[in-house]
Amino acid sequence: MNKKIISYLTPGASIEEREVKGLKLRIHPTKHERALYPFSKPDSCPVKLCELATIDPVARVFFFLKREILRVPWIYNPLIASFPILLPYDEQFVDLIFKRDKSVYAPIEVAQKDIDSLADDVFKLEAETFGLFMFELMKDPSFRSMLTTGRLPKKPKVILERLDNLITNPATRGTFDEILRKHHDRLGKIFEVLLRQLPLISGIEVLKEAKENGDTLLEIAENSVQKISETLLRIGNIIPLSYNAVCLECVLRKQLAMPFQATLLYTKDFSLIERCHQCSGRTILHRINIHAPSDLIALIQDERLPEAIVGYTLAQLEDVEEVFIHKKVNPVINGIVKRGAQIDVLAITKDKRLIIVEVTRQSDFETVLNEELIHKTTLLEQIGLKYDVFVCVSGLSPKINHGLSVIKAKRAFLLGLKHLSELENWLADRLKIT
Amino acid sequence: MDEKAFELLNFISRRNAEISAYDLVEEYAEYKREEPQRIFNDIMRYLNYLAGFGFVRLESRKVDDTYETYVIITEEGKRYVEHRRMVP
């Protein structure tokens, strides 16, 4: 564990004081401190993930990608961060999907109808099975007499035994088998919708995000799917991953009755499927699902993990002496404690220069510029917190942000995902000239 | 339904107001006479589990320049607690 990193301060107790070029800083824990506690344990998942992100640029960028948070009623891992990814694909074909072209869109409409009617189908199925069971039970005199007398047996066991007799009796067994056969047949169709149509529809809904995520990963991994697979394998060795792949060409272009789909649960043996095993198409929609262990839940849902990843990356620099993650910082000017600000990452160099980093997964340029960079630098100016470098690390696509956006007068820099992947080098160069 | 998660749902339903997940941990720890840090991860897990059932909604809000999760009990959550009170 990197000793330069100060990620957890005891809530309500610890206050750190530092002096940076005549400016005194009081550093407090924030309200969200408890979420950072796992960073004080060297073997915790968050520490392992951040350590991986410092050496693996693809892993670093991965946690800034667009994702959905899914919550499932499973007590051990109820939070799933799901990342849709489209790797090398047929651009013309994907354009047709975006345009909702009739040639490819019909199966999506059918799938949507199936999903919309899913709840009704389940109710109908259960009602029908229950009705048919009741009908058969009512043929039995003992059940009928319960209705006419209105008297129930003293114990449910009596009914269950009677029921068991009816079901196992060779004379009536066939009828119950027939009811169950019908039930299973319809249940199969429901599973088909859950297993095939649901991943397709949920995937189409996030296709734009999947395309952006895939483009980003390929850019960072120098177009090597192998490199991305290796990173995911490393992540999968730290936290449980599951993986789903649907071939969109099988489903939408060739409209095969049995389209290619693969699911891997909690796997450590991981490799992204590059070509469809059925139609050889390359437009495969991948979903990487991270099943968050309990010490990672708050860090993911409140966006602390990207901050920690940036903090750990900065701590690699020789010049950097200390890195604070997500703290409230008050400048002390002329002995007066001024209004403070929440700082995502604060780094102090050996020669007492102050680096402040704002971290966001936001990828819209206007939002990042106005709501993150300008807003924060203005606030810092107002409270008198003087820095040497201000960096806003954002989720801006590596393709649209090759050049750095700089507000020179404020020594403020806006970085995207390409810069994040080489942040330590960029910052080392910056420190040489600042 | 996990009994410890249900106990938390019961507590949330009695409060019947939106609350930051972090404030909820502090209040719940005081109620249970536990150390907040000791129960923090479990509470986060239970909240997400309850959200999986649709009994609470977890809403990410930006407060003081930073994201924070708020917990809101849903009508289904209230009905479930009511039902469990009638049928233990």
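The values are calculated or read from the model by the stated rules, or taken from the named source; none is laboratory data. Keep in mind the model is a prediction, meaning the values are calculated, not measured. Please note: Cβ atoms are built from the backbone with ideal geometry, for glycine as well, and neighbour counts cover all protein chains shown. Note: accessible area is taken over every heavy atom of the protein model, side chains too, but ligands, DNA and RNA are not part of it. Shrake-Rupley method; radii C 1.70, N 1.55, O 1.52, S 1.80 Å.
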Checklist entry - At a 1.4 Å probe, what is the % contribution of carbon and sulfur to the accessible area of the protein assembly as shown? => result 53
Checklist entry - Could you give the length gained on full extension between A:LEU152 and A:LEU23, defined as 0.36 nm per residue of separation minus the Cα-Cα distance, in nm? => result 38.2 nm
Checklist entry - In segment A:328-434, what trypsin sites (Lys or Arg not before Pro) fall in a loop by DSSP, with at most 11 other Cβ atoms inside 10 Å? => result A:ARG339, A:LYS350
Item to check | Fluctuation leader among A:HIS277, A:HIS326, A:HIS183 - chain A, Gaussian network, Cα springs under 10 angstrom | outcome: A:HIS183
Checklist entry - Is there a simple number for the mean count of other chain Cβ atoms within 10 Å of the Cβ of residues in B:50-57, and what is it? => result 4
Next on the checklist: Kirkwood Rh and Cα-based Rg: tell me the resulting Rg over Rh for chain A, rounded to two decimals.
Outcome noted: 1.14
Checklist entry - Pick from A:GLN362, A:GLN226, A:GLN92: which is most flexible by mean-square fluctuation in a GNM of chain A where alpha carbon atoms under 10 Å apart are linked? => result A:GLN92
Item to check | Exposed-site-free run, longest, chain B (rule: GluC sites (Glu not before Pro); DSSP loop; at most 16 other C-beta within 10 Å) | outcome: B:35-88
Next on the checklist: List, by residue number, every residue in segment A:62-106 with a reduction of 50 Å² or greater in accessible area between the chain on its own and the complete protein assembly, 1.4 Å probe.
Outcome noted: A:ARG71, A:PRO73, A:ILE75
Next on the checklist: Between A:GLU322, A:GLU33, A:GLU205, where does the largest GNM mean-square fluctuation fall for chain A, given springs only between Cα atoms within less than 10 Å?
Outcome noted: A:GLU205
Checklist outcome for this item: Mean 1/r over distinct Cα pairs of segment A:17-146, inverted to a Kirkwood Rh in Å, yields 22.5
Checklist entry - If you take the Cα Rg of segment A:81-184 and divide it by 2.2 N^0.38 Å, with N the number of residues, what do you get? => result 1.92
Checklist outcome for this item: Over chain A, with neighbouring protein chains present, the accessible area per residue in Å² at probe 1.4 Å is 47
Checklist entry - Of A:LYS66/A:LYS189; A:LYS327/B:LYS32; A:LYS66/A:LYS211; A:LYS352/A:LYS432; A:LYS102/A:LYS189, which sit over 22 Å apart, Cα to Cα? => result A:LYS66/A:LYS189; A:LYS327/B:LYS32; A:LYS102/A:LYS189
Checklist outcome for this item: Residue separation between A:ASP140 and A:GLU219 times 0.36 nm, minus their alpha-carbon distance, gives in nm 21.4 nm
Checklist outcome for this item: Averaged over residues of A:301-309, the number of beta carbons from other chains lying within 10 Å of each residue's Cβ is 3
Item to check | Over 28 Å between alpha carbons, listed pairs A:LYS124/B:LYS4; A:LYS227/A:LYS399; A:LYS99/A:LYS376 | outcome: A:LYS124/B:LYS4; A:LYS99/A:LYS376
Next on the checklist: For A:LYS139, give me every one of the aspartates and glutamates with a C-alpha distance below 20 angstrom, ignoring sequence neighbours fewer than eight places off in its own chain.
Outcome noted: A:GLU128, A:GLU161, A:ASP164, A:ASP177, A:GLU178
Checklist outcome for this item: So the A/B interface buries, both sides summed and with a 1.4 Å probe, an accessible area in Å² (nearest 100) of 2500
Checklist outcome for this item: Ordering A:THR367, B:THR66, A:THR149 by the accessible surface of their heavy atoms, 1.4 Å probe, largest first, yields A:THR149, A:THR367, B:THR66
Checklist entry - Once the whole set of protein chains is in place, how much accessible area is left on A:ILE220, using a 1.4 Å probe, in Å² to the nearest 10? => result 20
Next on the checklist: Please list A:PHE123, A:PHE143 from largest to smallest accessible area, probe radius 1.4 Å, with all protein chains kept in place.
Outcome noted: A:PHE123, A:PHE143
